[in-house]
Amino acid sequence: MDQDLQLSLANNAKQWLALSLSISSAEKISFDTIHDQFFVTYGAHFMAHVYRTTFERVLQNTPDAERSKLLVAFRHALDQALDDHYSAAVG
């Protein structure tokens, strides 16, 4: 990764952190409420579609190296969830 891209990614990360820290508690509560209402109203399959669409959009707008990291993290989380699911079913 060249120096300019590395600096750009670092600045982007700082901006996202600043944005996330600027979201007020009321906004977080509002998001949680909206999310939970959609989940209750439309169900898990609908929300899975929303999550997948969001994930795909993020991947489309992410540099290759970061996209690879995200996919590895997704695969790791998926493998862990499957292990947890089947160990609970057996245990």
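Think of a 1.4 Å ball rolled over the protein heavy atoms: the chain then has 86 Å² of accessible area per residue. With θ taken as phi - 60° and the Karplus curve 6.51 cos²θ - 1.76 cosθ + 1.60 applied, the whole-hertz 3J(HN,Hα) list for the stretch 2-16 is 6, 4, 5, 5, 4, 5, 4, 5, 5, 5, 4, 4, 5, 5, 5 Hz, x standing for glycine and proline. Note the listed values (1) 137; (2) 104; (3) 242, then indicate which one is volume of the Cα convex hull per residue in Å³ calculated from this particular structure. Computing volume of the Cα convex hull per residue in Å³ and matching it to (1) 137; (2) 104; (3) 242 gives (1). Fully extending the segment from ASP4 to ALA73, taken as 0.36 nm per residue of separation minus the present Cα-Cα distance, adds 22.3 nm. For the chain, the longest principal axis of the C-alpha atoms and the axis of helix 25-60 are separated by about 70°.
Here the accessible area is traced with a 1.4 Å probe on the protein chains. For the chain, carbon and sulfur cover 62 percent of it. For the chain, the mean residue ellipticity at 222 nm estimated from helices alone is -32500 deg cm²/dmol, where every DSSP H run of n ≥ 4 contributes -39500 (n - 2.57) and the total is divided by all residues, rounded to the nearest 500.
If only the Cβ of Lys and Arg carry +1 and only the Cβ of Asp and Glu carry -1, the dipole of the chain around its Cα centre is close to 120 debye. Length gained on full extension, HIS49 to ALA65, computed as 0.36 nm times the residue gap minus the Cα-Cα distance: 3.2 nm.
The values are calculated or read from the model by the stated rules, or taken from the named source; none is laboratory data. Because the structure is a prediction, the values reported are computed rather than measured. With ideal geometry, Cβ positions are generated from the backbone for all residues, glycine too; neighbour counts draw on all protein chains shown. Only protein heavy atoms, including side chains, enter the accessible area calculation; ligands, DNA and RNA are left aside. Shrake-Rupley method; radii C 1.70, N 1.55, O 1.52, S 1.80 Å.
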